[in-house]
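For reference, the structure is listed below as structure tokens.
The values are calculated or read from the model by the stated rules, or taken from the named source; none is laboratory data. Remember, it's a predicted structure, so these values are computed and weren't measured experimentally. Neighbour counts run over all protein chains shown; Cβ positions are idealised from the backbone, glycine included. Protein only, heavy atoms only, side chains kept; ligands, DNA and RNA dropped before computing areas. Shrake-Rupley method; radii C 1.70, N 1.55, O 1.52, S 1.80 Å.
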Amino acid sequence: MSSYETHCMDINWNEVPTRFHFFRPAIEACGETMVIPFDHKLQRHVPFWERATQRQLHELATLHAKLLENDNVADVHAWCKVVGLGTDGRHWAARRFRSLMSVLEQLGQADVSPFCDALPVWPDDESADEREETLPEELRYLIGPALHFGERYNCELQMVRFFEEASPEECDQLAQLAERIRRNQDWPRVWQWLRESDWKTSRYHSEIDQLFNLMDLCYFDFE
């Protein structure tokens, strides 16, 4: 497991409001849903919702029901929007919350009951145009690739599709980018910026985060 994946799994539940602890059983049962393993027999990556066990589906169904109660989605979404500048435990809890919301959406789109019967709606976020540019000057070379790759492949299914269908030119572009990051030893600076900045208020935060998710999934060594 890469250091990127390890950091993504860190949650301190003491820093998460008690009213959101109903996420915990599903998170602990499902593990890291953003990591999509390659199945050599099927010769493709298998997203989490396809390989979930009955126990995991049970916990996801329980989470799904809780989110539909008393407009819990709006409450969770509002909290996630303001914790980007908080502690690591809060930041990664919000990340895992969004990840599970994505899994619920995928299960609904796959017509799996009860997820297809009613789907919790995650509200739209503000436009990136309203966010500040906080990325250090020496890392601004990441913006172009992040806008190209991070916006286009912003969920796990799209990332898997890229891994399976990417053109040689796109693979070469990412390979060269990973080499530059590794040569400049920029990953620690990127990681620090992702931790200390806020996806809500910092422009390019989400896109750069997704860019590194994509490179990690596709085995481009940037560390």
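Annotations
- Test result for Ala118, open to solvent by 30 Å² or more (accessible area, probe 1.4 Å), at pLDDT 75 or above and in contact with a Cys (Cβ under 8 Å, 6 or more places away or on another chain): no
- Evaluation of Ile36 against the conditions (1) closer than 18 Å to Ala94 by Cβ; (2) at pLDDT below 75 shows that the sole unmet condition is (1).
- Residue within region 86-96 that is open to solvent by less than 40 Å² (accessible area, probe 1.4 Å), over 16 Å from the mean Cα position of the chain (by Cα) and at pLDDT below 85 present: yes
- Inter-residue pairs, beta-carbon under 7 Å, first farther than 25 Å from Thr33 by Cα and in region 157-184, second among the aromatic types (Phe, Trp, Tyr) and in a helix (DSSP H, G or I), 6+ apart: Ile181/Trp187
- Taken together, the residues in region 61-72 that are open to solvent by 10 Å² or more (accessible area, probe 1.4 Å) and within 15 Å of Thr18 (Cα to Cα) amount to 2.
- Residue match in region 123-136 (condition: modelled with pLDDT under 85, surrounded by fewer than 19 Cβ atoms within 10 Å (Cβ to Cβ), touching a His at 6+ places or on another chain (Cβ under 6 Å) and of a type outside the set (Gly, Ala, Ser)): yes
- Residues satisfying the stated conditions in region 20-50, i.e. of a type outside the set (A, V, I, L, M, F, W, C), open to solvent by 20 Å² or more (accessible area, probe 1.4 Å) and not in a strand (DSSP E or B): His21, Arg24, Pro25, Glu28, Gly31, Glu32, Pro37, His40, Lys41, Gln43, Glu50
- Note on region 51-60: among residues that are touching a Leu at 6+ places or on another chain (Cβ under 9 Å) and in a helix (DSSP H, G or I), the one that is most open to solvent (accessible area, probe 1.4 Å) is Leu57.
- Selection status of Asp198, of a type in the set (Asp, Glu) and either surrounded by 19 or more Cβ atoms within 10 Å (Cβ to Cβ) or modelled with pLDDT of 90 or more (or both): no
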